[in-house]
Structure formats: C-alpha cells, structure tokens
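See below for the structure under consideration.
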Amino acid sequence: MKKIVFFLCVTLGMTSCKSNQSATSGHSNLKELVALMQGTYSSEKQSVADTSYYNISLRMVPIWKGKGHYLYVEQALFKKQDKPYRVRIYKISQRSENEFLSEIYTLKNEKDWIGKGKTPTAFDALEAKDIELKSGCEVVLKRIAKNKFAGSTGAKTCPSELRGASYASSVVTILPNQIVSWDQGFDKDGKQVWGATKAGYVFDKLK
C-alpha cells in the first residue's frame, strides 16, 4: 500500500512539474512575440523592386506597461508619417503554449495621439473607455519555430466598409527582422476592392 501511495505522489509531482515548465515556456513565447513585433519598419525595398507597392512606414511601440502587452501602432505613407492612415492599439495575449491573439482596437480621438509613440508614457492618460475593440478582426498567431509566428483573421469575420468592402482579411508572418502583412478588402460577392493583389507587404525592421 505504501508503495502505491509513493508512486502516486511521484507521478503527481512530475505532472505538476511539467505543467509549470509548460506555463513558463508559454510566457517566454509571448514575450518573444511582443519583442519581435515592436519596432520601426519600412516597405521601401519592396516598393523599389515592385512599383505596384507603396513605401509604407509601420511603427509599433509598447505602451501601458504593467497592464499586459499592448502596442501603439501607426501606419503611413513613408513621406507622410505625420499623417498616418491607420492608428491602432494591439493587445497581444496568449491562448495556449504556442497560440496567441492580437486584438485590434481603434482610438476614439486618434488625432490626439498621432506621434505620441515617441513618448510612450503619454498613453498612461489613455483610458479603456477611449478605445474600441474591432470585434472579429483579431489575428490568431501560431509559433511556427523560434522567432517565427504566422496567422490570420477568421474567414469573413472582420467587417469593413472601406471602398465598398463588406469584410476584410489579414494574413501575417512575423520574423526577427521582418513582418509580412497582407491586408485585403472584399465586397459581399467576394470580389477584392482594396489591398495588395499579388502578395503581402514586406516590412523590413529599421530599428
């Protein structure tokens, strides 16, 4: 009887140990993803090689430290970085050891925050009521290998009214020095009405 009890204790102990190791590994993977995403990017190389692509600037800055993993995001034509056409906040969270969620939020008074990425602490004054979740537009990312994540939005889950669209989709790959993002808009009949047609934009990390 004592041998059986000892065996059960050892087995349960090993299970607990494995569970703790898994949780630690998952948290490390989350930090890895957030570290890869943040930075300043440009699609200049791609725009030179293929003139059908614009030179786009992409900036992702960590904010709200201590509240989770949030990134303030600005996307603009490289020559008009003071007038970004996309201003967002991304919330990065974990669903399982190797699966993550990037939720997209809009800012109600986005013009007030343009350029504030240079001083991230400015966002401490931004409250939860000042942002709004784009429901259905979250990107599910999976860790494919060390320093490589890939994923997409759900099928027809992200509503969009831009240029006659009915819904939008995003396919994303995140690498150590590069992000490939393919954003497209489609009308109710599934016809593409905006976004790149050949492949995604290739953003090279500048810093």
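Accessible surface for the chain, divided over its residues, is 60 Å² per residue with a 1.4 Å probe. For the chain, averaging the sequence separation of C-alpha pairs within contact (under 8 Å, six or more residues apart) and dividing by the residue count gives a relative contact order of 16 percent.
Too long at a 23 Å Cα-Cα cut-off: which of 80/111; 65/207; 79/146? From 80/111; 65/207; 79/146, over 23 Å: 79/146. Database remark: amide H of residue 196 closer than 5 angstrom to the amide H of 183 (H placed geometrically; neighbours at sequence offset of 5 or more, or on other chains; Pro and chain starts carry no H). Per-residue accessible area (protein heavy atoms, 1.4 Å probe) orders 41, 167 as 167, 41, starting from the largest.
Basic side chains Lys and Arg get +1 at the Cβ, acidic Asp and Glu get -1 at the Cβ, and with that the dipole of the chain about its Cα centre reaches some 540 debye.
Computed about the Cα centre, the dipole magnitude for segment 115-207 is approximately 480 debye when only Lys and Arg (+1) and Asp and Glu (-1) carry charge, each at its Cβ. Extension gain, residue 77 to residue 188, is 37.1 nm, computed as 0.36 nm per intervening residue step minus the present C-alpha separation.
Considering helices alone, the calculated mean residue ellipticity of the chain at 222 nm is -7000 deg cm²/dmol, with DSSP H runs of length four and up weighted by -39500 (n - 2.57) and normalised per residue.
Let me make sure I get this right: for segment 26-181, a, b and c are the square roots of the gyration tensor eigenvalues over alpha carbons, sorted descending. Under 1.5 in a/c it's rounded, otherwise prolate if a/b > b/c, else oblate. Which is it? Cα axes put segment 26-181 in the rounded bin. Rounded to the nearest 10 degrees, what's the angle between the helix 2-37 long axis and the longest principal axis of the chain, both from Cα atoms, 0 to 90? For 2-37 against the chain, the angle is about 20 degrees. Loop-located GluC sites (Glu not before Pro) in segment 53-130 (DSSP state not H, G, I, E or B) with no more than 13 neighbouring Cβ atoms inside 10 Å: 127.
Loop only by DSSP, 16 or fewer other Cβ within 10 Å of the Cβ. Give me the trypsin sites (Lys or Arg not before Pro) in segment 26-66 that pass, ordered by residue number.
Working: sites: 31, 45, 59, 65; in loops: 65.
Answer in residue order: 65.
The values are calculated or read from the model by the stated rules, or taken from the named source; none is laboratory data. This structure is a prediction, so every number in the text was calculated from the model and none was measured. Note that each Cβ is placed from the backbone with ideal geometry, even for glycine, and that neighbours are counted across all protein chains shown. Quick note on the areas: whole protein, heavy atoms, side chains included, nothing else; ligands and nucleic acids left out. Shrake-Rupley method; radii C 1.70, N 1.55, O 1.52, S 1.80 Å.
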